[in-house]
Amino acid sequence: MGEIHPSTKVRDLSIGQQQMIEIGRALLRDAKVIAFDEPTSSLSIQEIRQLKRIVKRLRDEGRVVLYVTHRMEEVFEMCDAVTIFRDGQHIRTHEDMSELNHDLLVSEMVGRDIDDVYGYRARDHGDVILNVEGIQGRGLNAPVSFSVKRGEVFGLFGLVGAGRSELLRLVCGVESPKAGSVHFNGETRRFKSPAEAIRAGIAMCPEDRKSQGIFPVASVADNLNISCRRFFKRWGFSAIRGASGNAESYIQQLSVKTPGPRTPIGKLSGGNQQKVILARWLAEEIDLFVMDEPTRGIDVGARRDIYSLLYDLAEQGKSVVVISSDLAEVSSICDRIAVMRDGELVEVVPRESATPERLLGLALPA
């Protein structure tokens with residue numbers, strides 16, 4: 001569990017630390033069957049290694065481990081057999097892992113062959129839309145400066161706890177910076193709240209979409225339209241017809257898999273929830289999209305759909321910042337990657353030289 005004081009409130013811990021506590025609680029029950037549902041989605045590299053040792057130990061002790069994951073490397077490294085589900089249906093069970101390879105697994109998960117999950121699309125970049133100079137605040141141990149261009153997919157990579165999310169929370173008005181400046185669309189800004197940032201043209205899709213990005217019991221339509229100010233009357237009621245049409249339009253445009261716009265969003269898969277969150281901002285005049293771990297816990301097919309949406313935005317001249325701890329993701333979809341370590345921005349690496357080995361070397365403690 002690392003150096004967590006027993007009296008620390010769970011709400012004050014990082015998502016990764018909270019997840020390790022859940023795992024520890026399950027182990028204390030001494031159960032014969034233990035189910036792990038996307039257990040590594042918020043863990044650091046060290047925590048993932050620790051979890052893998054725990055899973056192997058449980059198996060060696062004769063316990064049954066059910067391991068739910070979208071990460072294919074974990075399937076091949078940790079599993080003795082694998083069952084594949086797609087759209088709520090059982091597709092196939094492989095009792096012998098030797099009969100399974102990467103391409104077959106992807107094909108069965110998605111229902112079609114995917115040559116390149118990331119499908120990178122090169123494009124021209126415009127002038128600088130966001131310029132951050134010497135910003136300081138909670139989670140940062142040194143002043144941070146970086147810039148993002150129009151039409152660019154800009155990556156922010158680092159291990160859990162490196163300060164990636166904290167940096168953009170300072171930029172987007174979620175938290176107040178202690179020093180530094182933010183220049184956006186040619187103006188010096190100091191956002192006092194996310195609402196101010198949204199009005200200026202910056203939208204943030206949070207890391208923990210279940211608790212920060214959606215209203216689980218509300219419908220898909222209500223979640224999608226929550227920011228559409230032009231559909232709201234002065235006294236706060238939605239113009240139902242316009243809002244319903246807006247929701248149905250984006251559900252179709254983004255291929256959101258849902259029984260209908262009135263379905264509670266909590267019943268949708270993680271990938272479809274993420275599409276709804278993104279659609280929420282597409283109807284607004286947003287110039288900069290900040291995506292914090294946009295594909296965490298999402299299957300291969302939905303990942304490709306989301307990457308395609310991000311490229312579409314960039315090709316329209318919008319800018320996208322992707323905060324991610326997924327090495328393959330940032331090195332494959334981003335035009336430049338800023339690497340953070342221990343609350344400091346270490347280096348901004350261009351796509352051409354952003355190998356996973358180099359990025360990880362910069363991110364690991366010196």
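The values are calculated or read from the model by the stated rules, or taken from the named source; none is laboratory data. What you see is a predicted model; the values in this text were computed from it and never measured. We place every Cβ from the backbone using ideal geometry, glycine too, and count neighbours over all the protein chains shown.
A few notes on this one:
- Segment 335-361, subset farther than 25 Å from residue 129 by Cβ and part of a helix (DSSP H, G or I), residue modelled with the highest pLDDT: 358
- Taken across segment 173-183, residues that are in a loop (DSSP other than H, G, I, E, B), under 23 Å from residue 283 (Cβ atoms) and under 20 Å from the mean Cα position of the chain (by Cα) do occur, with at least one present.
- Segment 59-76 residues that are free of Cβ contacts under 8 Å to residues at least 60 places away in the same chain, paired with ones that are surrounded by fewer than 15 Cβ atoms within 10 Å (Cβ to Cβ) and of a type in the set (Val, Ile, Thr) (beta carbon under 9 Å, 6 or more apart): 63/33; 64/33; 65/33; 66/33
- Residues that are of a type in the set (Asp, Glu) and either assigned to a strand (DSSP E or B) or under 17 Å from residue 148 (Cβ atoms) (or both) within segment 292-334 comprise 292, 315, listed in sequence order.
- Residues of segment 184-195 that are within 23 Å of the chain's Cα centre (by Cα) and either loosely packed, with under 15 Cβ neighbours inside 10 Å or not assigned by TED's automatic domain parsing to the domain that holds residue 144 (or both): 193, 195.
- For residue 71, the conditions (1) under 27 Å from residue 53 (Cβ atoms); (2) modelled with pLDDT of 85 or more all hold with the exception of (2).
- Checking each residue in segment 226-260 for being of a type outside the set (Gly, Ala, Ser), under 25 Å from residue 307 (Cβ atoms) and either assigned to a strand (DSSP E or B) or at pLDDT 80 or above (or both) picks out 248, 250, 251, 252, 253, 254, 256, 257, 258.
- Strands (runs of 3 or more DSSP E) completely within segment 75-168 that count 3 or more residues being more than 24 Å from the chain's Cα centre (by Cα) and surrounded by fewer than 11 Cβ atoms within 10 Å (Cβ to Cβ): 89-94
- Those residues of segment 17-56 which are part of a helix (DSSP H, G or I), within 24 Å of residue 81 (Cβ to Cβ) and under 18 Å from the mean Cα position of the chain (by Cα), in sequence order: 48
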